[in-house]
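Comments concern the structure below.
Nothing in this text is a laboratory measurement; each read-out follows from the coordinates by a stated rule. Given the structure is predicted, the values throughout are model-derived calculations rather than measurements. Ideal geometry is used to build each Cβ from the backbone, glycine not excepted, and the neighbour counts take in all protein chains shown.
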Amino acid sequence: MEMNEEQFMRDRVDDQLNWYRKKSTRNKKYHMLFSGIIIVSGSLIPLVAGYSQWNSQFDGLLVACLGVLTAMATGIAALYKFQEKWLSYRTAAEALLREKILYQTRTRAYAGNREAYALFVSNVEDILSNENRGWNEIMASSGASEAGA
């Protein structure tokens, strides 16, 4: 399939850049959410257990629920690897943006290069390929490739 410069910029570069930004933002939000749950619920366990006035069944149940919540949030965060994907997607988005700016300003390797467009396409595809390979490694490290993006 042959694409002209405008099509490639719109359909490949800008489309992927937007996708990576969206996915990066989503994974950052999930990472922050689950990290917050883990910190707060884990911190409340000794507080509730240590300062229980009545040592009632409710206090024991609350401590147990906080422990379960902490364990579940930790497991979900480990399974879906929100932080790793956030950083990977953010890195890919920044690399694409950098390459786009270098190409549009005809800077560095693109300066005075008659094959600038071909080089740009090659560099963009390398960035996308490397990110995809990195994503596969991240997901394979936990056996969670079915966990999704």
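Details
- Label-to-label distance, Ala64 versus Asn18, with points set 7 angstrom from Cα along the beta-carbon direction: 5.0 nm.
- If R0 is taken as 30 Å, the Cβ-Cβ distance between Val121 and Lys29 corresponds to a FRET efficiency of 0.40.
- FRET efficiency, 1/(1 + (r/R0)^6) with R0 35 Å, evaluated for Glu2 and Thr91 via beta carbons: 0.75
- Calculated SAXS-style log₁₀ I(q)/I(0) at q = 0.10, 0.12, 0.15, 0.18 Å⁻¹ - the chain, Debye, Cα scatterers: -0.52, -0.65, -0.83, -1.01
- Available extension along the chain between Arg10 and Leu47 is 7.9 nm, counting 0.36 nm per residue and deducting the alpha carbon span.
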